[in-house]
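The values are calculated or read from the model by the stated rules, or taken from the named source; none is laboratory data. Just so we're clear, the structure is a prediction, and the values are computed from it rather than from any experiment. Cβ atoms come from the backbone with ideal geometry, glycine included; neighbour counts cover every protein chain shown.
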Amino acid sequence: MNRNLVRLAGCQGLLLTNNIIFIAINGLIGLSLAPVAWMATLPVMGYVVGGALSTPLVARSQSAWGRQVSFQIGLGVAVLSALLGAYAVWIQSFWLLVGATVVAGYYNANGQLYRFAAAELTPPESRDKAISLVLAGGLIGAFVGPLIATHTRELTVVPFIGAYLALAVVAVVAMLLMAGIRFPVVPRPAAGSDRGRPLAQIMRQPVFIVSTMGAAFGYGVMNLLMAATPLAMQVCSLPFEDAALVLQWHVIGMYAPGFFTGHLIRRFGSLPIMAVGVLLNALCIAIALSGVELQQFVIALFVLGVGWNFLFTGSTSLALKSWAAEEKDRVQGAINFCVFSVMALTSFASGALLTTQGWQWLNIGSLLPVAVTGLAVAWLLLRERRGQVAVAAQP
């Protein structure tokens, strides 16, 4: 770890603080303001839809202005969207709240690039560890996010306005951290210079397909179950404090393994670690189907978090093999667009399925993307052992 990585890990933690508070409160606020119950998670969906829509803008800003400026723009948007969310709750406007979360998605789209930026702050032989350790910074969110959500809920006359105001402060702190990071200077490509292969050709690579599927479906299943959990616990008459506790252990599961996932990837490879992530997702679903007591929610969401970490970190490490230096901004944007698109679908589906079909069927439906991801990882493992996997030239 160097100072740049430490600061970037802090920014990752504050990004997760933002995300956890959004997950904890947006569904509940949505349920109280939505015209009909099945729209309850639209504010959660707005966050990831905004991220998907922002990926082309973020890719262009990263290419034109570099990591530092682009990341600071994202944090500025985070401050503005948090204030807009507070105002939406103050005037009790459901659709303005959805709009605020769509705007906040620009920050999320920027934040999803922190893990790739981590790989640029260390020598090539340390990139797996750098990605893993920066993702481990999300542990900050595990403790700070639920704490803020719980203690700011009743801070103002209208519940939850204080949480949005706190999010604006969190973004300002992240801006101060980001200002101290020194990213490598990447020269802007000259007019007419080689931009690498066409994106369609890159996306046909087995390595790209499986790494993107692992990241997108891993995030999708995690988001499907996590976004529905506060609502499911409310239906089961469990208090908000219990929901905050469950989310806290979920985020611990997501980011605590970051201290050793990089070592495991270097020893066993990306694909075996992704396979373990798939198995942990299946175990999470089995635990969730076993009952609706507090302990089942805590254990299932913790296991889900660990499974996500193995899948997402392994997918990120695998994705590094799919592009050359001049292709990275376009390819990273394409990967994040796929991730956000799946997350948008699952954010909407979580509320719709929970309110119409119930917690049990929501979990049963999650088995399909888990199975598809497992088959994709097994397919690439087989090709790799047969020596049929090509790797792009790395800088």
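Here are the numbers:
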{"read-out": "Test set (1) more than 22 Å from Tyr47 (Cβ to Cβ); (2) modelled with pLDDT of 80 or more; (3) among the hydrophobic types (A, V, I, L, M, F, W, C); (4) assigned to a loop (DSSP other than H, G, I, E, B) - Ala190 fails condition number", "value": "(2)"}
{"read-out": "Qualifying residue in segment 196-217 (condition: farther than 26 Å from Gly138 by Cα, in contact with a Phe, Trp or Tyr (Cβ under 7 Å, 6 or more places away or on another chain) and surrounded by 15 or more Cβ atoms within 10 Å (Cβ to Cβ))", "value": "yes"}
{"read-out": "Checklist (1) of a type in the set (A, V, I, L, M); (2) within 21 Å of Phe116 (Cβ to Cβ); (3) under 21 Å from the mean Cα position of the chain (by Cα) applied to Val69, failing item", "value": "(3)"}
{"read-out": "Residue match in segment 256-275 (condition: closer than 26 Å to Gly27 by Cα and either in contact with a helix residue (DSSP H, G or I) (Cβ under 7 Å, 6 or more places away or on another chain) or surrounded by fewer than 19 Cβ atoms within 10 Å (Cβ to Cβ) (or both))", "value": "yes"}
{"read-out": "Near pairs, Cβ below 7 angstrom, 6+ apart or cross-chain, from segment 179-190 (small (Gly, Ala, Ser)) to any residue that is at pLDDT 90 or above", "value": "Gly180/Arg7"}
{"read-out": "Residue check for Phe183: surrounded by fewer than 24 Cβ atoms within 10 Å (Cβ to Cβ) and modelled with pLDDT of 90 or more", "value": "no"}
{"read-out": "Options Val370, Val377, Val306, Val342: the member that is free of Cβ contacts under 8 Å to residues at least 60 places away in the same chain and crowded, with 22+ Cβ neighbours inside 10 Å", "value": "Val306"}
{"read-out": "Which numbered condition Ile202 misses (of (1) within 19 Å of Leu113 (Cβ to Cβ); (2) at pLDDT 90 or above; (3) aliphatic (A, V, I, L, M); (4) assigned to a helix (DSSP H, G or I))", "value": "(2)"}
{"read-out": "Breaking point among (1) more than 26 Å from Val6 (Cα to Cα); (2) buried (at least 19 other Cβ atoms within 10 Å of the Cβ), for His151", "value": "(2)"}
{"read-out": "Test set (1) in contact (Cβ under 8 Å) with a residue 24 or more places away in the chain; (2) within 21 Å of the chain's Cα centre (by Cα); (3) closer than 24 Å to Ser132 by Cβ - Val6 fails condition number", "value": "(1)"}
{"read-out": "Test for Val103: is it of a type in the set (Val, Ile, Thr) and under 27 Å from Ala325 (Cβ atoms)", "value": "no"}
{"read-out": "Scope segment 328-367; condition in contact with a Phe, Trp or Tyr (Cβ under 7 Å, 6 or more places away or on another chain) and hydrophobic (A, V, I, L, M, F, W, C); matching residues", "value": "Val331, Val339, Val342, Met343, Ala352, Leu353"}
{"read-out": "Segment 91-116 residues that are at positive phi and of a type outside the set (S, T, N, Q), paired with ones that are at pLDDT 95 or above and buried (at least 24 other Cβ atoms within 10 Å of the Cβ) (beta carbon under 6 Å, 6 or more apart)", "value": "none"}
{"read-out": "Qualifying residue in segment 18-38 (condition: touching a residue at least 40 places away in the same chain (Cβ under 8 Å) and either within 16 Å of Met175 (Cα to Cα) or charged (D, E, K, R) (or both))", "value": "yes"}
{"read-out": "Any chance Leu224 is closer than 29 Å to Phe22 by Cβ and at pLDDT below 90", "value": "yes"}
